[in-house]
Amino acid sequence: MAVGGGFELALSADIIITADHARFALPEINVGILADAATLKLPKRIPYHVAMDLLLTGRWMEAEEAARWGLVSEVVTAADLMARAGDIADLLADGPPLVFAAIKDVMRRTETMGFHEAIRRVDAREFETVDRLYGSEDMVEGATAFAEKRKPQWKGR
């Protein structure tokens with residue numbers, strides 16, 4: 001279960017995988033307090049009216065509904081949850097760290113920008129993470145490995 005603060009913590013994750021028996025709720029309304037982080041984050045993750053329903057009623061949401069609204073990335077059986085999470089962790093561990101940093105940075109910093117301004121700033125390398133990536137050994141390694149049909153050896157520089 002992801003309830004209250006636990007649900008708000010989950011909303012801070014980049015990828016959410018859940019077991020099919022999981023449930024989500026923001027019951028703060030029932031005790032007269034604001035689910036503060038969820039009030040800010042939830043409407044950015046799922047449709048406004050669904051977020052308002054959860055925030056205003058405190059009702060429980062089942063895993064399948066969470067998947068339907070895009071709140072979670074994937075629903076798996078409880079028996080498969082840790083293995084699936086491990087598979088994704090392994091995939092990410094082998095990935096390009098400078099690209100990961102640039103993706104997260106650009107997504108955060110351009111969230112309220114119009115598309116044309118955001119892409120202009122990316123293309124101009126105005127974000128430190130993008131500039132670092134585009135001038136990195138890893139970018140050369142990625143292109144070289146692709147051309148040579150081999151797995152890249154990322155160094156984070």
- Hey, in the GNM for the chain with a 10 angstrom Cα cutoff, which one of R59, R125, R108 fluctuates hardest? R108
- Message: How much of the pair distance distribution for the chain lies past 25 Å, counting alpha-carbon pairs only, in percent?
- Response: 49
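Which value, in Å³ per residue, describes the convex hull spanned by the Cα atoms of segment 95-147? List each step's numbers first, then the result.
Working: hull volume 4.2 nm³, N = 53.
Hull volume over Cα atoms, normalised by residue count, gives 80 Å³.
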- Note on the structure: Measuring from the longest principal axis of the C-alpha atoms of the chain, the long axis of helix 78-93 (C-alpha) lies at a number of degrees, nearest 10, equal to 30
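Quick check for me: using +1 on Lys/Arg Cβ and -1 on Asp/Glu Cβ, what's the dipole size of segment 95-147 about its Cα centre, in debye to the nearest 20? Before the final figure, lay out the partial values.
On the way: 7 positive and 10 negative charges, 36 e Å.
The calculated dipole for segment 95-147 is roughly 180 debye.
Quick one: of the DSSP bridges fully inside the chain, what percent are antiparallel, nearest 5? Walk me through the intermediate numbers first.
Working: 3 of 8 bridges.
Antiparallel bridges: around 40 percent, rounded to the nearest 5.
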- Rounded to the nearest 20 debye, dipole of segment 2-89 from Cβ charges on Lys, Arg, Asp, Glu: 200
- Message: Looking at segment 2-89 only, what percent of DSSP beta bridges run antiparallel? Nearest 5 please.
- Response: 40
- Item | Rg(Cα)/(2.2 N^0.38 Å) for segment 1-79, N = residue count | 1.00
- Message: With n ≥ 4 as the cut-off for DSSP H runs, can you work out [θ] at 222 nm for the chain, using -39500 (n - 2.57) per run divided by the number of residues, rounded to the nearest 500?
- Response: -16500 deg cm²/dmol
- Message: Of the candidates V76, V31, V99, which one comes out as most mobile in a Gaussian network treatment of the chain with C-alpha springs shorter than 10 Å?
- Response: V31
- Message: Could you identify which residue out of A51, A145, A35 has the top mean-square fluctuation in a GNM of the chain using Cα springs shorter than 10 Å?
- Response: A145
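Taken together, the values in this text are just the output of simple stated rules run on the coordinates, not laboratory data. Not measured: the values here are computed from a predicted model. All Cβ positions, glycine included, derive from the backbone under ideal geometry; neighbour counts span all protein chains shown.
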